[in-house]
Amino acid sequence: MSNSPQLPSRSEVWLQTLGWQPSLEQERQFARLFQQILQVNQQLNLTRITDPQDFWEKHLWDSVVGIAPWLLHGSVTLSWLQSLLSNVSVDRALPLRVVDIGTGGGFPGLPIAILKPTWQVTLLDSTQKKLTFLEQMTAELGLENVGMCCDRAENLGQHPSDRESFDLALIRAVGPASVCAEYALPLLTLKGYAVLYRGQWTDKEQQALSAVLPQLGGELITVAQVNMPLSQGVRHCIYLRKHQPTDPKFPRRVGVPARKPL
Ligand code: SAM
């Protein structure tokens, strides 16, 4: 283990960029998560991002930045965070039911489960093999607030006990924004939020998304553009809120949202 690459703690960067720092225990869990992913990656390709700096930035920091509105307290001085917090007003004390749609190697869901032990996080993916490994990892990390669900988002959204049962839906690298919205909004309770994690974000994408949201009962609250702290890459977090029940015809049958986006 001593020869394996070590994850940097970067606690000063957390503070500078998000006005927040992980506790020592959370840092230890992040480091264990990194080691576990490296180990599993020898058998199953969970992620291509295995360099310690890249892992810290592109998996940990990137996962956490999406929930900044639920994380921050006190006064933040960074202008993008101030603007985000003034748009997305949430009760930070409330424990949330969260679904990470298309979690893959556990991102963004696992880092968030580490940060928010009172939240109940469901990792949803259509590939059982990935979930089997994620289940082993969460057991080894001692995370008791994580559940696995092997299904398609289209099925879960039509399942009576899962539809409208989550307060927050997270979705990264699963498809075009309008497809992600069709997966996420049916799963949300009224007033629930979805966070779409995107790299680049264009006016065209925003127009396409805005055009479909009324059918799904959602509204676009804000788009936060963030600069990544190490590589200076640009990321966007799109915050949607459900303000009306979603029409029962959504999500459409398995495969249809991706094949024929709204
Ligand atoms: N979210 C992770 C990340 O950002 O690192 C993984 C992204 S990976 C590119 C996309 C994942 O979404 C895959 O693991 C795939 O199995 C899953 N997926 C794609 N479409 C899905 C659907 N309709 N329902 C559930 N999972 C889906």
Inset, instruction - Could you tell me what percent of the DSSP beta bridges with both partners in the chain are antiparallel, to the nearest 5? - result: 45
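Per residue, how big is the convex hull of the chain when only Cα atoms are used? Give it in Å³.
123
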Inset, instruction - Give me the number: length gained by fully extending Ser4 to Gln128, i.e. 0.36 nm times residue separation minus the C-alpha to C-alpha distance, one decimal in nm. - result: 41.9 nm
Inset, instruction - Estimate the FRET efficiency between Gln207 and Ser165 by the formula 1/(1 + (r/R0)^6), using the beta-carbon distance for r and 30 Å for R0, to the nearest 0.05. - result: 0.50
Legend entry - Point-to-point label distance, Ala173-Ser11, nm (Cα→Cβ direction, 7 Å offset): 2.9
Inset, instruction - Taking only Cα atoms and a 10 Å spring cutoff, compute GNM fluctuations for the chain and point out the largest among Lys191, Lys204, Lys130. - result: Lys204
Inset, instruction - For the chain, give the percent of accessible area contributed by carbon and sulfur heavy atoms, probe 1.4 Å, rounded to a whole number. - result: 49
Legend entry - the stretch 175-235 versus the stretch 125-150: alpha-carbon centroid distance in Å: 25
Inset, instruction - Rank these residues by their accessible area, most exposed first, probe 1.4 Å: Arg97, Arg198, Arg259, Arg253. - result: Arg253, Arg259, Arg97, Arg198
Legend entry - Where Asp247, Asp162, Asp91, Asp100 fall by accessible area, highest first, once all protein chains stay in place (1.4 Å): Asp91, Asp247, Asp162, Asp100
Inset, instruction - For the stretch 90-145, report the accessible area per residue in Å² (1.4 Å probe, heavy atoms, rounded to an integer). - result: 40
Legend entry - Virtual spin-label span in nm between Asp54 and Gln244, 7 Å along Cα→Cβ: 4.4
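Given 4 °C and 1.567 mPa s, compute D for the stretch 118-262 with the Stokes-Einstein relation, Rh being the Kirkwood radius over Cα pairs; round to the nearest whole µm²/s.
In µm²/s, the coefficient rounds to 81.
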Inset, instruction - For the chain, with a Gaussian network of springs between Cα atoms less than 10 Å apart, report the residue from His236, His159, His59 with the top mean-square fluctuation. - result: His159
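List the DSSP H helices in the chain whose Cα atoms stretch 30 Å or more along the helix axis and whose mean Kyte-Doolittle hydropathy is at least 0.0.
Long hydrophobic helices here: none detected.
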Legend entry - Listed residues Leu213, Leu123, Leu78, most fluctuating in the chain (Gaussian network, C-alpha, under 10 Å): Leu78
Legend entry - Cross-link table Lys58/Lys260; Lys58/Lys242; Lys58/Lys129; Lys116/Lys260, entries beyond 25 Å C-alpha to C-alpha: Lys58/Lys260; Lys58/Lys242; Lys116/Lys260
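The values are calculated or read from the model by the stated rules, or taken from the named source; none is laboratory data. Bear in mind the structure is a predicted one, so any value in this text is a computation, not a measurement. Here Cβ is always computed from backbone atoms with ideal geometry, including for glycine, and neighbour counts include all displayed protein chains. The accessibility values were calculated without ligands, DNA or RNA, using every heavy atom of the protein model including side chains. Shrake-Rupley method; radii C 1.70, N 1.55, O 1.52, S 1.80 Å.
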